[in-house]
Amino acid sequence: MKFLFPAACLLYALPYLTYSQESPKKTYLAEKCRSEIVLDGDPDEPAWEGPWEGGFVQREPYENKQPSQDTQFKVCFDDEFIYVAIKALDTAPDSIVNRLSRRDKMDGDVVGILFDSYHDRRTAFAFFVSASGVKTDQTFSEDGAVEDLTWDPIWYVKTRKHTWGWCAEMKIPLTQLRFEKGSGKIWGMDVLRTLFRKNELSLWQPISRTSPGFTSLFGEIRFNGDLKPRKQIDLTPYVTAKVNTYPREEGNPFSTGSENKFNAGLDGKIGVTNDLTLDLSINPDFGQVEADPSQVNLTAYETFFVEKRPFFIEGNNITRFQLGFGDGDLSTEQLFYSRRIGRKPQYSPDVPSDQYIKEPEFSPILAAAKLTGKTSKGLSVGIIESLGGKESASLGDANQSHTIAVEPFTSYFVGRIQKDFKGGNTILGLMATSTDRKLDDQALIDYLHKNGRSAGIDFKQYFHKKEWLFQLNTVFSQVNGSKEAIDRTQTSSVHLFQRPDATHLDYNPNATSLSGQGGNIQLLKVGGRFNCLFATMWKSPGLDLNDIGYLRSTDEIFQVTWMGYRFTKPLGIMRSAQINFNQWNLWDFSGTHILTGGNFNGHLQLTNQWSFHAGFNMDTESLQASQLRGGPMMLIPGDRSLWYYIVSDPRKKISFQYRGMHLRQNNESASMDQYAPSRNKNDLQYIDALDYGNSKRYVLGDIDQKIFSFSFRVNLNILPNLTVQYWGQPFITAGKYSRYKYVTQARAKAYAQRFMLLTPAQVMGPDENDTFGIDENKDGQVDYRFDNPNFNFKEFLSNLVVRWEYLPGSTLYLVWSQNRRLTDTSGNFDYWENFRQLYQEQKPNNTVMLKLSYRIGMH
């Protein structure tokens, strides 16, 4: 740590050397429309007469240079709409790239306009269209740092090709934009154009790629007349019909081979005030959402899945509150993890050997409501309330059955406010979450928290023309429940209070509550070519956010330094490049040093649009609290790794990515090679913790795991509003264990003294129950047993979605999903044989769903 303070002092002077001068702010005057405008892509109405605005400047690849082709635009308005016409002039109109794609998937030549209607210099609403007429709409928040492509407003656009280029005419309802009465005279605005064949981006208001912001650097649009806000009212009822077929199982009363289901619900979007919108969903259905990719998790930590449901991701920038930072595992830790709502039921009952069980895949969401928006005074508001219904599993045989509750009725609440001060240079925010369960079944009382509470405070201060940022986040939590439920939390992989060497942890098996706190402090340089970060994050042992948030582990204090330099000016075959350096340290709350690590990586984009990325990581030997799942910390050898990935030109109709990673641990204790197929080898893979006399035996083994997996996607775009998308993922993995061992001295300096290797004669099995027995005393008697850890998991996921937006905001979905899955404990990996088994020995689960929604609303 001694070098960090002088390094910080030295780096503080660098912004003066790298600061890029802002361009003078442009202003555009919008008049009331002088005539009716018919959207046809031909700007021949009287409203478009007069001089057009131009003066665009390149942003990429040659910053501040004259664009290859000129662009012009005009804006006018009436009492209900803003009209925009953009002329994309082109001296070679036959070279215009006119590709169809899905909405929000821009492809080909593109033009667009961005409005900062709040005029808060932090938030923007963007409307883009391709030459083929495909819309892309999104919001920008945090001065452009956060983008949200899930925002789908109702607006209208037509494009047409001309001898002089092509033109887009837009008609944007005022109901879709947020501004207060009396504040609509001046907005922030920028207009852009992408010339696809040269991958050239030009802007009306120039903004440097090294600028510390985006929205704050927009030009301005002034309206010559009254622009009155209008409230949005949209109601969208829907109906679904679903058929599910699967292999029938003899004797299983719950496996009949097919199921039919009809459903209906309502989605709504209502303008409560001019700047606050209420989104609601009654009995929501997300059957059109793509499945999560296949995984086999051999770690102690919960897998993090990205949210894909539109209701929860649209506008989620205001309800985002990160405990961590960066773009790795730390970035996933947060107060609100929306995948908790509607997740698979948490409790799974034991099943007698002579009975069957039918468990629900998801917990039902009865209703959800979300209030979001921002006032002209700079106050951002985000409130979410969701009600999850009680869910039960069916248990029984051919003669009788009964139900067992697996998820209780639950209320989830999230409240978030943020206030801008001093033109957005100072930001103060608060957040609170609450999870309340109605527990009326003893099994759930013993398993789940009765309630969970968390709160957070965040503070941001920009300085030196927003090139530097100081940020402080703090969080607090408390969970309450029965002593059995709280004991389960204390001994989970998140906390591991039961560790015998953790004398600084207060493990109380009779506790009925658990409290903790955490946070992070960051100092960042965000403007210019040189950027850096100095950060510390802490998570106290009792912090628990997992009722409605996401938290991997606790009892940690991180220190991180990052430095990066960007090359934005093309040179030879280089279009752009960036190099980065990272360094980190980790301690626990007793002051024990856990590990030190570092990373160097580089990124290069060529003028032909191919890009190459690579990095080298190195970690010292580390103490891992989770290695023995509640046993003592274990000393794990240090490692070094090389990773890389290549991305072909994304402008092509067919493009690809290839990723690889190679890791080697000291003492040759582990290795990892990720390509196709990937291979992971680890001498210290955890298997089980078993009672042996008055002590515990922590059993480990050598694992040789092979993985074959890739995803592929096919898009067929018939019309701008009619698309077909297929996604498929084959996934095969097998893990073979050998050289079983048990831990003796987990922290021994010498690697070989940390465990005792069992001889083949001491390992018996697997037997008829598929278990291994260990004869530790070498007397011919089994001292303890564990289940066969070998595995072979194979799966093929398919998802086909036909989407037709037959009216603006009204959609018809036809969805086909298929899942083929087989598992066994052979541990053998044979690509062709595994696929043969998957398709010849296992019948698939097929689901066909039809979903029809109809929007009722204003414009």
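The values are calculated or read from the model by the stated rules, or taken from the named source; none is laboratory data. Predicted, not measured: the structure shown is a model, and the values here were computed from it. Note: ideal-geometry Cβ built from the backbone for every residue, glycine included; neighbour counts use all protein chains shown. Side chains are part of the model used for accessible areas, which takes the heavy atoms of the whole protein and leaves out ligands, DNA and RNA. Shrake-Rupley method; radii C 1.70, N 1.55, O 1.52, S 1.80 Å.
Observations, loosely collected:
- Oblate is the label for the range 267-387, because a/c, from the alpha-carbon gyration tensor with a ≥ b ≥ c as root eigenvalues, is 1.5 or above and a/b does not exceed b/c.
- Surface share of carbon and sulfur [accessible, 1.4 angstrom probe, percent] for the range 373-444: 57 percent
- Averaging Cα coordinates gives a centre for the range 755-781 and one for the range 43-77; these two points are 78 Å apart.
- C-alpha center-to-center spacing [the range 243-284, the range 619-634] in angstrom: 43 Å
- Per-residue 3J(HN,Hα) values for the range 437-453, derived from phi via the Karplus relation 6.51 cos²θ - 1.76 cosθ + 1.60 with θ = phi - 60°, read 10, 8, 9, 10, 10, 4, 4, 6, 4, 7, 10, 10, 5, 5, 7, x, 10 Hz in sequence order (x marks Gly and Pro).
- In this structure, N819 and R222 have a Cβ-Cβ separation that, at R0 = 51 Å, corresponds to a calculated FRET efficiency of about 0.35.
- Whether the range 207-352 is rounded, prolate or oblate, judged on the alpha carbon gyration tensor where a/c under 1.5 counts as rounded: oblate
- Counted charge near R34, where neighbours are those whose Cβ lies closer than 11 Å (Asp, Glu -1; Lys, Arg +1): -4
- Think of the range 207-338 as a dipole: +1 on every Lys or Arg Cβ, -1 on every Asp or Glu Cβ, centred on the Cα centre; then among G315, N283, F305, G315 lies furthest on the positive end.
- Global form of the range 30-130, assessed from the alpha-carbon gyration tensor, a/c cut-off 1.5: rounded
- In order through the range 700-715: 3J(HN,Hα) via Karplus (6.51 cos²θ - 1.76 cosθ + 1.60), integer Hz, x for Gly, Pro: 10, x, 6, 10, 10, 10, 10, 9, 10, 7, 7, 10, 9, 9, 10, 10
- Protein-only accessible surface order, largest first, of L439, L444 at 1.4 Å: L439, L444
- With Cα atoms, 0 to 90° folded angle of helix 831-840 axis to the chain main axis: 80 degrees
- The amide H of S132, built 1.01 Å from its N in the peptide plane, has R99 as neighbours under 5 Å, considering only residues 5 or more places off or on other chains.
- Residues whose placed amide H lies under 5 Å from that of Q355, excluding near-sequence neighbours: none
- Ligands, DNA and RNA are left out, and with a 1.4 angstrom probe the accessible area of the chain is 45 Å² per residue.
- Dipole magnitude of the range 523-621, debye to nearest 20 (Cβ charges: Lys/Arg +1, Asp/Glu -1, about Cα centre): 860 debye
- About its Cα centre, the dipole of the range 782-859 is roughly 500 debye, where the only charges are +1 on Lys and Arg Cβ and -1 on Asp and Glu Cβ.
- Largest accessible area first, the listed residues C33, C76 line up as C33, C76 when surface is computed with a 1.4 Å probe on the assembled protein chains.
- Between K465 and Q840, the simple spin-label model (points 7 angstrom out along Cα→Cβ) gives 7.0 nm.
- Estimated at 0.36 nm per residue, the fully extended path between F362 and K261 surpasses their Cα-Cα distance by 34.9 nm.
- Electrostatic tally near Y462: other residues with Cβ closer than 12 Å to its Cβ, Lys and Arg +1, Asp and Glu -1, net +3.
- Of the GluC sites (Glu not before Pro) found in the range 343-448, the ones in coil according to DSSP and having at most 12 other Cβ atoms within 10 Å of their Cβ are E361.
- Computed from point charges on the beta carbon alone (+1 for Lys and Arg, -1 for Asp and Glu), the dipole magnitude for the range 168-253 about its Cα centre is near 320 Debye.
- Neighbour cut-off at most 13 other Cβ (10 Å), DSSP loop, trypsin sites (Lys or Arg not before Pro), the range 212-316: R248
- For R121, distant residues with modelled amide H under 5 Å away: none
- Accessible-area composition of the range 485-560, carbon plus sulfur, in percent [1.4 Å probe]: 51 percent
- Note on the chain: dipole from Cβ charges, positive end direction compared against I404, F712, L514; the farthest Cα belongs to F712.
- Computed label-point distance, nm, for sites F589 and K438 using a 7 Å Cα→Cβ extension: 3.5 nm
- Scalar couplings 3J(HN,Hα) for the range 490-507, obtained by applying the Karplus form with A = 6.51, B = -1.76, C = 1.60 to θ = phi - 60°, are 4, 9, 6, 5, 6, 10, 6, 5, 7, 4, x, 9, 8, 5, 7, 9, 9, 7 Hz; x denotes Gly and Pro.
- One decimal place: the segment R651-F712 gains 20.3 nm when fully extended, by the rule 0.36 nm per residue minus the C-alpha distance.
- Annotation: extensible slack from L807 through I270 equals 191.4 nm (criterion: 0.36 nm per residue apart, minus Cα-Cα distance).
- Distance between modelled label sites at N777 and N244, nm, 7 Å Cα→Cβ extension: 5.1 nm
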